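Below is one structure, written out as structure tokens, with a few remarks after it.
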Amino acid sequence: MPHPYGRSRAVAVLAATALGAALLTACGAGDPGSDGTVTVGVGSNIFELPIRLADANGYFARQGLKVKFVTLNASTGISALQSGSVQFLNDSPTDFVSAVAKNVPVTAIAADGVGNPLGLIVSTDFAKRHGLTAATPAAQVAKALAGSTGGASSNNTKAETGLFLTSYGVAKDAVKWVSLPTPAADKAALKSHQIDWFTTSEPAPLQIQQEGDGVVVADATKVPAWSNARTGYSEVVVARKSYLSQHAGTARKFATAVQQATAYMNAHLDSPTVRAVARKALPGVPADVLESSLRLVDWPARGSMSAEGWKTALAFINSLDALPQTAEVTADDWTDAYLP
């Protein structure tokens, strides 16, 4: 996972890891501590803010829970959940669906984000040469990218850029790709003119724009293929089926607190509390960049899911060819039973 500025949507590696074993709690795999402590796996990105806010606003405490955070990524999250190192995982739909496809016994119990706040940023030099600004129509941007060189730090962002290009009649192979390990490497390559542009989740593109090193020329508000209505769920709370069967009360408390946090964000996104949590979770990102990025995600008033919602999310995931086979999620893989 993830660089603190964006979310890599790489398919999760499901083999048990040494990290998972090292993080096992003393009270036994999967059991909450005697003081009500549960361990939750999170990333370092914008999608983790509801979990952080649930802690900061005391929603977990009101449910009698103490929460220990463990930072994980796409290659370690499901493994840690399987091993019992964490009881709950704030996970991307792609990682969750990948686990389901491999028959890992996990269940999504709440959705805490909708949308995919992507930003495509071009270098200031490229923008000047092609007359591109933040207001340039998306179709014109796509045509300007033909023959250019883009950076790709994950297969998903590469595929998402491909969706953008093809939706405006530009072939995926009309651009040259440079594979880079992280969005931070993308940023360095952009500044050194090794690439002309790259795509990743906010707030990285907006921060680079504010620093004067590029221009965000495409985002989810301009590109229908990236819109929240097309991408569906961006984050779900996941637990092992065996844990849920043994600790239904704890799961209900956890899901309730997370829903209270997303509902607060839904109604008070510009509040000092949300801003403070965002600054602490993503240090070094300017306040106005964080605020703009937060508005690109739909924070649900309720964490409930639906078959139609999963249909939308799966259609987007499958359009990226992110999984080796067409993904499916059934009513056995998600539930609203733990929500108030």
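The values are calculated or read from the model by the stated rules, or taken from the named source; none is laboratory data. Only a predicted model underlies this, so the values are computations on that prediction, with no experimental measurement involved. Don't worry about glycine lacking a Cβ; one is built from the backbone with ideal geometry, like all the others, and counts go over all protein chains shown. Protein only, heavy atoms only, side chains kept; ligands, DNA and RNA dropped before computing areas. Shrake-Rupley method; radii C 1.70, N 1.55, O 1.52, S 1.80 Å.
Say whether the condition of being open to solvent by less than 40 Å² (accessible area, probe 1.4 Å), within 30 Å of L339 (Cβ to Cβ) and either at pLDDT 95 or above or among the aliphatic types (A, V, I, L, M) (or both) is met by at least one residue in region 118-138. Yes, region 118-138 has at least one match.
Contact map, region 275-286: residues that are in the same structural domain as W299 (by the TED database) paired with residues that are loosely packed, with under 14 Cβ neighbours inside 10 Å and in a helix (DSSP H, G or I), Cβ distance under 8 Å, separation 6+ or inter-chain. Pairs shown: R275/A287; R279/A287. Against the condition surrounded by fewer than 23 Cβ atoms within 10 Å (Cβ to Cβ) and outside the structural domain of Q207 (by the TED database), how does K222 come out, does it pass? When the stated conditions are applied, K222 does not pass them.
Applying a threshold of 8 Å to beta carbon distances and a minimum spacing of six or more residues, or different chains, the list of pairs starting in region 327-338 at a residue that is within 9 Å of V100 (Cβ to Cβ) and ending at one that is surrounded by fewer than 16 Cβ atoms within 10 Å (Cβ to Cβ) and of a type outside the set (D, E, K, R) reads A327/N318. The set of residues from region 300-317 being buried (at least 24 other Cβ atoms within 10 Å of the Cβ) and part of a loop (DSSP other than H, G, I, E, B) comprises just one member, G303. Selection of region 233-285 for residues being aromatic (F, W, Y) and more than 20 Å from G309 (Cα to Cα) yields Y243, F254, Y264.
Applying the criterion of at least 1 residues that are open to solvent by 50 Å² or more (accessible area, probe 1.4 Å) and more than 21 Å from D91 (Cα to Cα) to the helices (runs of 4 or more DSSP H) found wholly in region 228-287 leaves 241-246, 248-267, 272-281. What about A146, is it touching a Leu at 6+ places or on another chain (Cβ under 6 Å), farther than 18 Å from Q210 by Cα and aliphatic (A, V, I, L, M)? Judged against the criteria, A146 is not a match. Taking region 87-184 as the region of interest, the strands (runs of 3 or more DSSP E) fully inside it that hold 2 or more residues being within 28 Å of W334 (Cβ to Cβ) and in the same structural domain as T250 (by the TED database) are 88-91, 106-114. Among the conditions (1) touching a strand residue (DSSP E or B) at 6+ places or on another chain (Cβ under 7 Å); (2) open to solvent by 20 Å² or more (accessible area, probe 1.4 Å); (3) not in a loop (DSSP other than H, G, I, E, B), Q194 misses just one, which is (3).
Residue pairs whose Cβ atoms lie under 6 Å apart, separated by 6 or more positions or on different chains, with the first residue in region 134-145 and within 12 Å of F164 (Cα to Cα) and the second open to solvent by less than 80 Å² (accessible area, probe 1.4 Å) and hydroxyl-bearing (S, T, Y), are A139/Y168; A142/Y168.
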